[in-house]
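Data block below; observations after.
The values are calculated or read from the model by the stated rules, or taken from the named source; none is laboratory data. As the structure is a computational prediction, the values presented were derived from the model and not from experiment. All Cβ positions, glycine included, derive from the backbone under ideal geometry; neighbour counts span all protein chains shown. Accessible surface is based on the protein model in full, side chains and every heavy atom, while ligands, DNA and RNA are left aside. Shrake-Rupley method; radii C 1.70, N 1.55, O 1.52, S 1.80 Å.
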Amino acid sequence: MQISKTKNDKKPNMDCVNLLTSILIYYSEISKISIEPDEKIYINYIIQTILTDEEINKIRILLEESLKSYHYLEKMNIDCSEIDINIKEKATFIDIKRDIKTFSHGELRLINTLIAQNFNEELIVDMNKIPMIDSSMLAQIDLIDTMFASLKINPVSEKMIGIREAGRVIVFNK
């Protein structure tokens, strides 16, 4: 993990750094994740094929309906939920935007599972995923839950971005 500082060398929000790092380590399917001062979280997936309009519509409806059901069952009133699916060059990018105040680890697991199950081999996945034994996995899950709760109390003051590059997780502020 690398932490880079910008903007007058302000210290980054370490809860956010830990959250982004843990998510990228645990969920190897996520290519990029960011949290902004306006309390929005952005999650990005890359599909290594160009989806047809029909496939785009199908995955959009699946994600929207599944998230609506999840929010209903969890009795959540959400402020922001957007799903953008774009084709660039020879890949399809799925971008999910949510408000951090009502976003949860359970919702992240649901989104990740739906995308992984629907795109299996086409989904770009970090092949350098750190193998974890059961106790490490549980600790990582607990850490993600704790950091989500912390960010709801102590929001970030500048944009924080976590990406994968050459088998590493890099988190920086912008």
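Assorted remarks:
- Dipole of the stretch 1-105 [Lys/Arg +1, Asp/Glu -1 at C-beta], most positive-end residue of Leu73, Ile56, Pro12: Pro12
- Three-way shape label, the stretch 31-90, alpha-carbon gyration tensor, a/c 1.5: oblate
- The accessible area of Ile153, taken with all protein chains in place and a 1.4 Å probe, comes to roughly 140 Å².
- Within a Gaussian network of the chain (alpha carbon springs, distance under 10 Å), most fluctuating of Ala149, Ala139, Ala91: Ala139
- Point-charge dipole on Cβ atoms (K/R +1, D/E -1) for the stretch 6-82, about Cα centre, debye to 20: 300 debye
- Comparing Lys32, Lys101, Lys68 in a Gaussian network model of the chain, where Cα atoms under 10 Å apart are tied by springs, the biggest mean-square fluctuation is seen for Lys68.
- Which label in (i) 41, 39, 32; (ii) 122, 30, 27; (iii) 46, 39, 37 gives the computed Cα extents along the principal axes in Å: (iii)
- In the chain, Cα pairs under 8 Å separated by at least six residues give a relative contact order of 40 percent.
- Among Glu74, Glu36, the order of accessible area from largest down is Glu74, Glu36, computed with a 1.4 Å probe on protein heavy atoms.
- In this structure, the amide hydrogen of Tyr27, modeled 1.01 Å from its nitrogen in the peptide plane, lies closer than 5 angstrom to no residue at least 5 positions away or on a different chain.
- Electrostatic dipole magnitude of the chain [Cβ: Lys, Arg +1; Asp, Glu -1; Cα centre; debye, to 20]: 620 debye
- By accessible area with a 1.4 Å probe, ligands and nucleic acids excluded, highest first: order of Arg164, Arg109: Arg109, Arg164
- The chain: DSSP helices with Cα axial extent of at least 24 Å and average Kyte-Doolittle hydropathy no lower than 0.0: 134-153
- Residue with peak Gaussian network fluctuation, the chain [Cα springs, cutoff 10 Å], from Leu143, Leu73, Leu51: Leu73
- Global geometry of the stretch 69-160, whether rounded, prolate or oblate, following the gyration tensor of its Cα atoms and the 1.5 cut on a/c: oblate
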